[in-house]
Amino acid sequence: DIAGFWLKGVAAAFSNWKGLVFNYLNAEAEYERTGAEEALKSTVNVDQGEPYLPKSLANERVPEEIKARAVERRERMVPNGIRFLIACIDVQKNRFVVQVHGIDDMLDIHVIDRFEIKKSKRVDEDGDQLWVNPGAHPEDWKLVAEEVIQKTYPLEDDTDRHMGIKLTVCDSGGKAGVTANAYGFVRWLRNGPTEAEEAETDPEQGTYRWEQGMNARFALLKGASTMTAPRVAVSYPDSQRKDRDAGARGEIPVWMINTNTLKDMVDHRLDRKEAGGRFVFPKWLPDTFYIELTVEVKDAKKGWQNPRGYRNESWDLLAYCMAATLMPSISLDHIDFAEPPGWAAEWDSNDLVFNPSTSSAPFKAKKKRPDLAKLASDLA
């Protein structure tokens with residue numbers, strides 16, 4: 001009883017070729033610039049009346065193809081041209097997986113380190129180091145301060161200079177207890193150890209180095225609940241609500257990220273071979289790194305999925321890095337590298353480059369010397 005017709009975009013009464021082409025070119029430009037496919041999907045589906053095929057389905061890749069583009073690099077050193085470093089952390093049941101990225105003035109992202117924090121400073125009755133447990137032991141989070149936030153990397157120019165990390169981002173979800181301990185870690189970064197914590201410190205179970213200002217170089221991430229959420233947006237969780245149990249009081253900033261859109265951006269960059277927005281991998285990375293980049297697949301309705309539950313930290317950490325570049329403290333798209341901020345300048349004038357043998361790490365706060373005269377007066 002019904003005759004149905006599928007009319008494409010050019011047959012619509014209020015469409016014209018000029019508008020269709022204009023919308024499509026704008027959507028393609030946005031995809032090339034950001035890796036986001038929402039505008040492309042919209043114009044193909046709505047304007048053109050065609051089903052949209054995601055880029056990830058049109059061009060599946062295998063690990064060896066990505067590895068074939070790896071370049072010769074000295075291990076765990078900052079290559080020439082890198083302007084600043086971003087560290088990203090994936091929290092697992094018994095380890096912190098860390099990946100450090102360098103960003104150059106062509107907007108290329110270089111992986112310069114990948115390691116795991118596995119052993120805590122806690123020891124058992126035999127004196128053996130215990131595995132980290134981010135959900136059960138809040139003190140294990142303090143390892144992130146020493147081994148990531150405060151970490152520096154030597155430059156490849158053999159001048160003995162190092163570069164500090166501009167920003168460290170870390171996921172805040174996972175096993176039970178992880179979120180509450182992540183929030184507690186942010187408070188510790190902000191305020192330092194309390195007198196009670198210092199009094200309870202057992203040297204045999206490890207001591208931890210705190211430095212003023214580390215909280216400004218660290219940010220928590222959490223995946224947004226909808227596929228239409230912004231790529232990054234700050235929130236302030238409040239566990240005073242009856243449905244919350246994470247130990248926040250609305251004072252801890254957590255960056256909500258649209259992991260689906262960010263992974264679209266990663267997927268796009270993995271296809272790029274020319275400078276100007278590609279990923280650059282060193283040859284010394286293990287084969288498992290590249291396998292982790294290919295285990296997720298794109299579902300048209302559910303987004304990116306890991307159907308077999310394989311390890312995918314390389315993939316997730318690249319998405320976290322993309323999120324970090326969009327945060328206000330970086331805003332990579334808005335940096336003018338002809339007149340950059342001091343932390344993104346060339347090495348000779350970069351605020352985060354220093355020589356460990358002649359100076360302390362940049363922006364490291366120094367403790368005030370005790371006022372002996374005042375102390376004598378107070379004692380008298």
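The values are calculated or read from the model by the stated rules, or taken from the named source; none is laboratory data. If you're wondering where the values come from, they're calculated on a predicted model, not measured in any experiment. In this analysis, Cβ positions are derived from the backbone assuming ideal geometry, glycine residues included, and neighbour counts consider all displayed protein chains. Just the protein is used for accessible areas: all its heavy atoms, side chains included, with ligands, DNA and RNA removed. Shrake-Rupley method; radii C 1.70, N 1.55, O 1.52, S 1.80 Å.
Here are the numbers for this structure:
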{"quantity": "Cα-based Rg and Dmax for segment 229-358, where Dmax is the largest Cα-Cα distance (Å)", "calculated": "18.6, 56"}
{"quantity": "Normalised contact order of the chain, rounded percent, pairs of Cα under 8 Å and 6 or more residues apart", "calculated": "19 percent"}
{"quantity": "Sequence-distant residues sharing a close amide H with Val78 (under 5 Å, placed H)", "calculated": "Leu155, Glu156"}
{"quantity": "14 Å beta-carbon shell around Trp284, net charge (K/R +1, D/E -1)", "calculated": "+1"}
{"quantity": "For Thr168, residues with placed amide H under 5 Å, excluding near neighbours", "calculated": "Ala87, Phe218, Ala219"}
{"quantity": "Residue among Tyr320, Tyr310, Tyr153 with the largest mean-square fluctuation in a Gaussian network model of the chain, springs linking Cα atoms under 10 Å", "calculated": "Tyr310"}
{"quantity": "Helical contribution to [θ] at 222 nm, DSSP H n ≥ 4, -39,500 (n - 2.57), averaged over the chain, rounded to 500", "calculated": "-7000 deg cm²/dmol"}
{"quantity": "Within the chain: Cβ-based charge dipole about Cα centre, in debye rounded to nearest 20 (Lys, Arg +1; Asp, Glu -1)", "calculated": "500 debye"}
{"quantity": "Mean-position separation - Cα centroids, segment 260-336 and segment 151-182, in angstrom", "calculated": "18 Å"}
{"quantity": "Counted charge near Asp348, where neighbours are those whose Cβ lies closer than 11 Å (Asp, Glu -1; Lys, Arg +1)", "calculated": "-1"}
{"quantity": "For peptides 130-141, 346-357, sequence by mean Cβ density within 10 Å, most packed first", "calculated": "130-141, 346-357"}
{"quantity": "Unit charges on C-beta of K, R, D, E only; dipole of segment 1-125, Debye", "calculated": "580 debye"}
{"quantity": "Portion, in percent, of the accessible area of the chain that falls on carbon or sulfur, probe 1.4 Å", "calculated": "51 percent"}
{"quantity": "Stokes-Einstein D in µm²/s, Kirkwood radius over Cα pairs - the chain at 10 °C with 1.306 mPa s viscosity", "calculated": "68 µm²/s"}
{"quantity": "Distribution of pairwise C-alpha distances over segment 81-191, 10 Å bins, in %", "calculated": "14, 41, 29, 14, 2, 0"}
{"quantity": "Two-site FRET efficiency, Ser235 against Asp126, from Cβ-Cβ distance with R₀ of 41 Å, rounded to 0.05", "calculated": "0.40"}
{"quantity": "Loop chymotrypsin sites (Phe, Trp or Tyr not before Pro), segment 1-93, which have at most 13 other Cβ atoms in a 10 Å radius of their Cβ (DSSP)", "calculated": "Phe5, Trp6, Phe14"}
{"quantity": "Angle in degrees between helix 17-34 and the longest Cα principal axis of the chain, rounded to the nearest 10", "calculated": "20 degrees"}
{"quantity": "Charged-residue dipole, Cβ positions (Lys, Arg, Asp, Glu), segment 88-140 about Cα centre, Debye nearest 20", "calculated": "180 debye"}
{"quantity": "13 Å beta-carbon shell around Arg311, net charge (K/R +1, D/E -1)", "calculated": "-3"}
{"quantity": "Segments 292-304, 65-77, 107-119 sorted - mean Cβ within 10 Å per residue, highest first", "calculated": "107-119, 292-304, 65-77"}
{"quantity": "Cα Rg, Dmax, segment 1-109, angstrom units", "calculated": "21.7, 72"}
